[in-house]
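Read through the structure below, which is laid out as structure tokens, and then see the notes.
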Amino acid sequence: MQISLDPPANGETAAATTASIQRALDTYHRQGGGTVTLQAGRYLSGSLTMPSGVTLHLAHGSRLVAADDPTLFPALADHDEKLTANARSGALLQARGAEDIAITGSGTLDGGGEWDAAPDWQTAQGIFRPAVSYFENCRDVDFTGIRIVGSKWWTLHLRRCDGVRIRGVRIRSNWPNSDGIDPDGCRNVIISDCDLLCGDDCIVAKSTQGDPCENIVVTNCILETEKACFKLGTESRGPFRNIAISNCVMRGDVCFSLYMKDGGIMENITGSHLIMDTTAPFPILIDAMPRDYRSGLPAGTIRNVQLSHCVVRGNGRVWLEGSADAPLENIRLSTIDWSMDEPLPENPLPKPLGSARVILDPARPAYEREPTQVIAVNVRGLRLEGWSLTGCGATRPLLSEA
């Protein structure tokens, strides 16, 4: 079954448009499922709830825009504000416990964050910023072909979802905290053929409530940001297992990063055939250090990680660090072609923290002073194979260990 909605008449309120679209979605849900199509035009809306069995199709030229009205966006969920700030603002699209739902088409989801109006990070923490989507405890979820712009917060946030396919999605945003895709405690996720330009991390898997994040594949994507292109962890307590990224182009800052800060485990993680065009001092970073050195709590464990067949262009290096009581284990970095056009600076930048809420021991050694391409601190079972270093920094040693 299908139903098409025409754009609202001039003067129709966002509340009325929200109610009209929601009625169509709910009608098809009661009738056993179907597709609601938004025809070409602009739809200013509050939060919409996706019910089971329903596809929202955005036809070419359609634009679903988040209204700047907090009363039209019910609060999302409880968050630990020590880990995740400003995360209760609602979402343009939300779903809870739904099955077999999809967002498709060549139209646009617009979070309302105009490119030229992006505030600084501190200002952004105090203003209304809905996510573009928040799906919780859902099964069989599809995002296919759509364009997403103007996200003010995490763009596609999926929590405890099973069976997620995100294909051919294009994201453009520059606001603080505007992550691209956040599988949060999700299982069986495929992200492919996407083109992401984000104001924060492009693809970042999390476990904010301690749920397992496992069986995730990322492939054939273009990822660009001044933060992290691909990241696992921070704001995370649960396990990460069986995660692979391949055949991607990464441009900007940190490219491949694993951060275990709050307990848990990361294991069986692979990256292959990646092109990294980076400006970061440490574009490849694997870090299992506690969020706060004074807490006495373990950071967790990272083991069985392989990164291979990568081309890196930039003056940065690799940082690998575990703790003395839980070292990184079985890390393999092979067939890396790295070129740089500047020597190591006299005062190298320190290791990135990975989050705004990390406190390192000020008395710890300045490992960044080691003039090597790979810095390894508390690592057991490290293998470096088939490296090629060219350019101004090619004479620096490959490895220093502590």
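The values are calculated or read from the model by the stated rules, or taken from the named source; none is laboratory data. Note that the coordinates shown come from a computational prediction; the quantities given were computed from them, not determined experimentally. Cβ sites come from the backbone with ideal geometry, for glycine too, and all protein chains shown count toward neighbours.
Would you mind finding the one in 151, 106 that is within 15 Å of the chain's Cα centre (by Cα), under 14 Å from residue 64 (Cβ atoms) and hydroxyl-bearing (Ser, Thr, Tyr)?
Working: 106 fails: within 15 Å of the chain's Cα centre (by Cα).
None of the others qualify; the one that does is 151.
Does segment 88-95 include one or more residues that are modelled with pLDDT of 90 or more, under 19 Å from the mean Cα position of the chain (by Cα), under 17 Å from residue 172 (Cβ atoms) and part of a loop (DSSP other than H, G, I, E, B)?
Looking through segment 88-95, none of the residues is modelled with pLDDT of 90 or more, under 19 Å from the mean Cα position of the chain (by Cα), under 17 Å from residue 172 (Cβ atoms) and part of a loop (DSSP other than H, G, I, E, B).
For segment 321-354, name all the residues that are touching a residue at least 24 places away in the same chain (Cβ under 8 Å), part of a loop (DSSP other than H, G, I, E, B), farther than 17 Å from residue 400 by Cα and hydrophobic (A, V, I, L, M, F, W, C).
Of everything in segment 321-354, just one residue is touching a residue at least 24 places away in the same chain (Cβ under 8 Å), part of a loop (DSSP other than H, G, I, E, B), farther than 17 Å from residue 400 by Cα and hydrophobic (A, V, I, L, M, F, W, C), namely 326.
Working only within segment 249-286, note down all residues that are over 17 Å from the mean Cα position of the chain (by Cα) and either in a loop (DSSP other than H, G, I, E, B) or more than 25 Å from residue 195 (Cβ to Cβ) (or both).
262, 263, 264, 265, 267, 268, 279, 280, 281, 282
Residue 395: assigned to a loop (DSSP other than H, G, I, E, B) and within 14 Å of residue 333 (Cβ to Cβ), yes or no? Break it down stepwise before answering.
Working: assigned to a loop (DSSP other than H, G, I, E, B): yes; within 14 Å of residue 333 (Cβ to Cβ): no.
It is false that residue 395 is assigned to a loop (DSSP other than H, G, I, E, B) and within 14 Å of residue 333 (Cβ to Cβ).
For the structure I just gave you, tell me whether residue 302 is touching a strand residue (DSSP E or B) at 6+ places or on another chain (Cβ under 9 Å), buried (at least 22 other Cβ atoms within 10 Å of the Cβ) and over 23 Å from residue 200 (Cα atoms). Spell out the reasoning first.
Values: touching a strand residue (DSSP E or B) at 6+ places or on another chain (Cβ under 9 Å): yes; buried (at least 22 other Cβ atoms within 10 Å of the Cβ): yes; over 23 Å from residue 200 (Cα atoms): yes.
Against the criterion (touching a strand residue (DSSP E or B) at 6+ places or on another chain (Cβ under 9 Å), buried (at least 22 other Cβ atoms within 10 Å of the Cβ) and over 23 Å from residue 200 (Cα atoms)), residue 302 qualifies.
Considering only residues that are of a type outside the set (D, E, K, R) and either modelled with pLDDT of 60 or more or in contact with a strand residue (DSSP E or B) (Cβ under 7 Å, 6 or more places away or on another chain) (or both), which ones fall in segment 66-84?
Those that are of a type outside the set (D, E, K, R) and either modelled with pLDDT of 60 or more or in contact with a strand residue (DSSP E or B) (Cβ under 7 Å, 6 or more places away or on another chain) (or both): 66, 67, 70, 71, 72, 73, 74, 75, 76, 77.
If I filter segment 298-320 down to residues being in contact (Cβ under 8 Å) with a residue 40 or more places away in the chain and assigned to a loop (DSSP other than H, G, I, E, B), which single residue comes out as nearest to residue 263 (Cα to Cα)?
300
When the residues of segment 231-265 are narrowed to those that are surrounded by fewer than 24 Cβ atoms within 10 Å (Cβ to Cβ) and hydrophobic (A, V, I, L, M, F, W, C), which ends up farthest from residue 161 (Cα to Cα)?
Here the answer is 249.
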